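A quick write-up on the structure given underneath.
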Amino acid sequence: VATYRPYEGPSNTHAFALEQNTTNLFKNDVAVNPSLEGTLSGGGTTFTLSGFTISATNLNVTQDTENPYHGTKALKMSYKASGDTAWKIYWSNYLTKTITDLGLAVGDTITFSWYERHNIDLSTISGADYIPQLKFYDINKQELAGTAVSLTSLGPTNLNWHQHSITATIPANTVYILAQVGWDAPNFTSGSHFYNIDALQLEKMPFATS
């Protein structure tokens, strides 16, 4: 399949990529729109959007319609007030839909990916309950200790849409999977700070496609 890749060519030009055609397994949950095209609801510190839940402290949680990566909307996190600005977005039904519902089985290699753009330096991020990760849970909905796979860097400031991904092999005794993006530190410290995310994807692949 050919996919349009804005600003991913030489010198920030546009490009096309030829890739293997795969299925976004989030679509096996009818509540999910991976491009976040739904209506944002909620308030305070908890919001829902297109089958995902957003937890945020001291941040504005809005939808950007001016420069989405895919479709007509992207999720935008931006500075609201000083202090701790921990936040995360995660698949809402992670303890309701099983790996079988997703079309997966123990031993499968999966990749969780998303597109983002941000004007805050995320070269080092932290917060064990917030950072981007895949977590695995047993039939009793207890996390399988020592099996989580996470990222501790999303790179320096980058105003262009770019992709990050996490790849893991589903461990023994897994029944449920959590996929999330976020961080606790660094904090948003300027009124101009923002982080946009779009096009979340879960694939039965050892790498991410567009």
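The values are calculated or read from the model by the stated rules, or taken from the named source; none is laboratory data. Being a predicted model, the structure only gives us computed values, none of them experimental. Heads up, the Cβs are rebuilt from the backbone with ideal geometry, glycines too, and the neighbour counts pull from every protein chain shown. The protein model used for the area step is the full one, side chains on, heavy atoms only, and it has no ligands, DNA or RNA in it. Shrake-Rupley method; radii C 1.70, N 1.55, O 1.52, S 1.80 Å.
Can we say Leu95 is touching a Lys or Arg at 6+ places or on another chain (Cβ under 8 Å), touching a residue at least 40 places away in the same chain (Cβ under 8 Å) and over 30 Å from Gly191 (Cβ atoms)? Step through it out loud before you land on a result.
On the way: touching a Lys or Arg at 6+ places or on another chain (Cβ under 8 Å): yes; touching a residue at least 40 places away in the same chain (Cβ under 8 Å): yes; over 30 Å from Gly191 (Cβ atoms): yes.
Judged against the criteria, Leu95 is a match.
Any idea how many residues of the range 18-58 are among the aliphatic types (A, V, I, L, M) and touching an Asp or Glu at 6+ places or on another chain (Cβ under 8 Å)? Number of matching residues: 2.
Every residue in the range 100-116 that is open to solvent by 20 Å² or more (accessible area, probe 1.4 Å) and either part of a strand (DSSP E or B) or among the acidic types (Asp, Glu) (or both), please.
Narrowing the range 100-116 to residues open to solvent by 20 Å² or more (accessible area, probe 1.4 Å): 100-101, 103, 105-109.
Matches in the range 100-116: Asp101, Asp108, Thr109.
Gly146 passes every criterion in (1) among the small types (Gly, Ala, Ser); (2) in contact with an Asp or Glu (Cβ under 6 Å, 6 or more places away or on another chain); (3) open to solvent by 60 Å² or more (accessible area, probe 1.4 Å) apart from (2). Restricting the first member to the range 56-83 and to residues that are closer than 15 Å to Ile197 by Cβ, and the second to residues that are part of a loop (DSSP other than H, G, I, E, B) and of a type in the set (Gly, Ala, Ser), the beta-carbon pairs closer than 6 Å and six or more apart or on different chains are His70/Ser35; Gly71/Ser35. The set of residues in the range 46-99 being of a type in the set (Val, Ile, Thr), part of a loop (DSSP other than H, G, I, E, B) and open to solvent by less than 40 Å² (accessible area, probe 1.4 Å) consists of Thr85, Thr98, Ile99.
In the condition set (1) surrounded by fewer than 18 Cβ atoms within 10 Å (Cβ to Cβ); (2) touching a Pro at 6+ places or on another chain (Cβ under 9 Å); (3) of a type in the set (Val, Ile, Thr), Thr157 is compliant with all but (2). In summary, strands (runs of 3 or more DSSP E) completely within the range 117-207 and bearing 2 or more residues that are acidic (Asp, Glu) and modelled with pLDDT of 95 or more occur at 194-203. More than 30 Å from Thr189 (Cβ to Cβ) and of a type outside the set (A, V, I, L, M), is that true of Asn60? Considered against the rule, which asks whether it is more than 30 Å from Thr189 (Cβ to Cβ) and of a type outside the set (A, V, I, L, M), Asn60 comes out as no.
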